[in-house]
Amino acid sequence: MSEKHKLSLVSTIRERCRVCYTCVRECPAKAIRIVSGQADVVDERCIGCGNCVRVCSQQAKHVLSSIEDARTLLGTGRRVAACVAPSFPAEFTDASPGALVAMIRRLGFASVHEVAFGADLVATAYRELLAARPDERFIATTCPAVTSYVERFHPGLVPHLAPIVSPMVATARALRRLHGQELGIVFVGPCLAKKEEAVATQVEGEIDCVLTFSELRLMFDEEGITARGIRHSDFDPPWSGKGALFPLSRGMLQAAGIGEDLLRGDVVAADGRIAFQDAIREFESGDLDAHLLDVLCCTGCVMGPGMTDSAPLYSRRSRVSQYVRETVLQRSWEEVRTAYEQLRSVDLTRGYAADDHRMTIPAEDELNRILGRMGKHSPSDELNCGACGYDTCRDHAQAIDLGLAESEMCLPYTIERLRVMVEELAVSHRQLANAQEALVHTEKLASMGQLAAGIAHEVNNPLGVVLMYTHMLLEDTPADSALRPDLETIVEQTDRAKRIVTGLLNFARQNKVTMVETDIRELVARVLRSLPVPPRITVEVTHEDEEPMAEMDGDQVAQVLINLAGNAVAAMPGDGTLTMGTQNRGGMVRFTVRDTGVGIPPENRGKIFTPFFTTKQAGRGTGLGLAVSYGIVKMHRGDIKVESNADPSIGPTGTIFTVTLPAGRVGEEGRIGESVAPAQAGEPRER
């Protein structure tokens, strides 16, 4: 619109902005910039359509107020006229036209006029323009938001803008012709764009102040002015005719007597955010070869953002039509025509100038880079869902390149990022839970080790004495003596108690890892040679080693494998398969011990590494085998995991233990509080 000044018509109340991108989607000029998740209006791009104000459910948009300017003007002592837009019947349903005029006078206005009279003058100007220049194509300039849109985003069409002022300016020029140039003029209407039109270079100074209907209501409230009991007053002349239909879509055409002939297609009318843009684009491309394009940014001025009434569109249209029928058409046409003839010579021309703010389209490589950053690597990834407020993903990427948008505005992209984040948090949670479990287990083992050491030393000596004297008694007891079976039972149970005590001592002992170069394949072979495997069980060995040598404490790791393999054999009371495997890759050594046995019930899996936990029959194990194995693995800075299925209805039963150890050397600090004990080969797995 080539304004001398760029007004900040709309700003965002950040505390209320919820980042829903509705304002981005509804802005035809894409004048909403998202910065750090907050909507910010770009003044240079804003055309004042007010769509962002109208659609914001959180009331996060603040409109530039002109109330103080109006009060200052009224306080100067000048004669000030209020010019009321013809859409007022759709707004002030709580006051009759006469009451509204009287209320406006109470604010201090010397006279109150209808802008509809200026619309009558403009309608005639359009009719004469089309008749005088039949070979030219024009875009109507009655809507300042449309005019600004063309100047900023279709500057090539500026020569096609009809060189005619809006009804607001036409009314101001007519009133100054009647009452002198010193007359102060305040326009009151439904449109925000009028505020910026009033300061445009080409019409600067013709309008002193612009108020919206909502601002007028606020002034009434502050002054305590209501319609109750007020003495009605009529508008001051000049009075209007069919120009009062201007706020309705195609109202200008009807007032001017210009027909929209669908057969000829020389006059086309469009209104609304999407339709007016489409019409202008087609007008520019030549697909729309119309003599006159009459477009409104809103679906009629009755839906302007400066209105407060919540009635639907056609209800508002009906109120305007009713006012025209009941008031305007009932006036003395002789007086209307007299004023019209007196003022039709008023100059209604004006010029327009390009103010190019078109978006620069980035290079294809840069556009693809931005799209790729949002996970859109091919056209099939471009959903064009519109959740970001832009029609297509490429439009969104273009806005990102210009600094108007952010990648996070893309809903699918944000959902995918949240999904990945949730997965990462889940992994971190599992790792933390495992670390916490390991810490608890370590503390438990340390406590058990201290207790075991104290008990073992106190019990071991008495057990030795009992065992020695029992053997002495056995030597002196004849083979056929009735006492011999009892003495043999004492020896057997004492030996068992001594083995338990020995296990306790080993469990409590603080051992160190002695790292040596070890052939892990030979280690598995040694374990199988030392383990008595029944003929009914098949043994399989698999090696997936890039390098069979690794540094570890071979004897202690052998104890772990013997414990695991022995438990696996015990878990297969019938036929079965014992599989032992190795893998040395990526600096880690993995041993697997798999069986096809009965499996470990879910309720016991969290307890299997707890010292003395066992589900075997009494006398068949101490419950220390897996606890010792756990300690050895942890001293190697490794990990031991178990997978098991004990439910045949789910699938084959069996258990897999996986021991993972670093292939490199563990330093001297590798001492760990978990104790280790010599392997208890053949001890069944504790369940």
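Points to keep in mind about this one:
- Checking the stated criteria, Ile640 turns out to be at pLDDT 85 or above, in the same structural domain as Arg521 (by TED's automatic domain parsing), closer than 16 Å to Gln559 by Cα and outside any loop (DSSP other than H, G, I, E, B).
- Within the stretch 33-54, the set of residues being in contact with a Cys (Cβ under 9 Å, 6 or more places away or on another chain) and within 15 Å of Ala145 (Cβ to Cβ) comprises Val41, Arg45, Cys46, Ile47, Gly48, Cys49, Gly50, Asn51, Cys52, Val53, Arg54.
- Positions within the stretch 218-249 being over 15 Å from Val186 (Cβ atoms) and within 41 Å of the chain's Cα centre (by Cα), in sequence order: Asp221, Pro247, Leu248, Ser249
- Boolean, Val188 is in contact (Cβ under 8 Å) with a residue 24 or more places away in the chain, surrounded by 21 or more Cβ atoms within 10 Å (Cβ to Cβ) and in contact with a helix residue (DSSP H, G or I) (Cβ under 6 Å, 6 or more places away or on another chain): yes
- Test: residue in the stretch 655-678 that is at pLDDT below 85 and of a type in the set (Lys, Arg): yes
- Checking each residue of the stretch 230-238 against the condition of being out of contact with any helix residue (DSSP H, G or I) (no Cβ under 7 Å at 6 or more places or on another chain), under 27 Å from Phe109 (Cα atoms) and either surrounded by fewer than 16 Cβ atoms within 10 Å (Cβ to Cβ) or touching a residue at least 40 places away in the same chain (Cβ under 8 Å) (or both) gives at least one match.
- Positions within the stretch 408-428 being in contact (Cβ under 8 Å) with a residue 24 or more places away in the chain and either in a helix (DSSP H, G or I) or of a type in the set (Asp, Glu) (or both), in sequence order: Glu408, Met409, Leu411, Pro412, Tyr413, Glu416
- Residues of the stretch 524-533 that are touching a residue at least 40 places away in the same chain (Cβ under 8 Å) and of a type in the set (A, V, I, L, M, F, W, C): Val524, Val527, Leu528, Leu531, Val533.
- Residue ID - nearest to Pro190 (Cα to Cα), chosen from residues in the stretch 142-162 that are surrounded by 23 or more Cβ atoms within 10 Å (Cβ to Cβ) and touching a strand residue (DSSP E or B) at 6+ places or on another chain (Cβ under 7 Å): Cys143
- Of all residue pairs spaced 6 or more apart or on separate chains, those with beta-carbon atoms under 9 Å, a first member in the stretch 377-388 that is farther than 19 Å from Lys30 by Cβ and a second member that is among the basic types (Lys, Arg) and assigned to a loop (DSSP other than H, G, I, E, B) are Leu383/Lys376.
- Near pairs, Cβ below 6 angstrom, 6+ apart or cross-chain, from the stretch 624-646 (free of Cβ contacts under 8 Å to residues at least 40 places away in the same chain) to any residue that is surrounded by fewer than 20 Cβ atoms within 10 Å (Cβ to Cβ) and not charged (D, E, K, R): Arg637/Pro662; Gly638/Thr660; Asp639/Thr660; Lys641/Thr658; Glu643/Ile656
- Hey, Gly108 without any contact (Cβ under 8 Å) to a residue 60 or more places away in the chain, more than 18 Å from Lys195 (Cβ to Cβ) and in contact with a Leu (Cβ under 6 Å, 6 or more places away or on another chain) or not: yes
- Only one of Gln431, Gln436 that is modelled with pLDDT of 80 or more, among the polar types (S, T, N, Q), under 28 Å from the mean Cα position of the chain (by Cα) and in a helix (DSSP H, G or I): Gln431
- Filter pass, Ala405 being surrounded by 15 or more Cβ atoms within 10 Å (Cβ to Cβ) and either out of contact with any helix residue (DSSP H, G or I) (no Cβ under 7 Å at 6 or more places or on another chain) or free of Cβ contacts under 8 Å to residues at least 12 places away in the same chain (or both): no
- Exactly one residue out of Ala60, Ala82 is in contact with a strand residue (DSSP E or B) (Cβ under 7 Å, 6 or more places away or on another chain) and closer than 19 Å to Lys195 by Cα: that is Ala82.
- Extreme residue, surrounded by the most Cβ atoms within 10 Å (Cβ to Cβ), among residues of the stretch 527-556 that are under 57 Å from the mean Cα position of the chain (by Cα) and part of a loop (DSSP other than H, G, I, E, B): Asp553
- Residue in the stretch 381-403 that is more than 27 Å from Cys46 (Cβ to Cβ) and either small (Gly, Ala, Ser) or not in a loop (DSSP other than H, G, I, E, B) (or both) present: yes
- Consider the stretch 250-272 and keep the residues that are in contact (Cβ under 8 Å) with a residue 24 or more places away in the chain and surrounded by fewer than 16 Cβ atoms within 10 Å (Cβ to Cβ). The one that is farthest from the chain's Cα centre (by Cα) is Gly257.
- Residues (modelled with pLDDT of 90 or more and of a type in the set (Gly, Ala, Ser)) located in the stretch 572-592: Gly576, Gly581
- The helices (runs of 4 or more DSSP H) found wholly in the stretch 177-293 and carrying at least 2 residues that are hydrophobic (A, V, I, L, M, F, W, C) and within 22 Å of Arg317 (Cβ to Cβ) occupy 213-223, 251-256, 273-285.
The values are calculated or read from the model by the stated rules, or taken from the named source; none is laboratory data. Because the structure is predicted, anything quoted here is derived from the model rather than measured. Quick reminder, even Gly has a Cβ in these numbers, built from the backbone with ideal geometry, and neighbours come from all protein chains shown.
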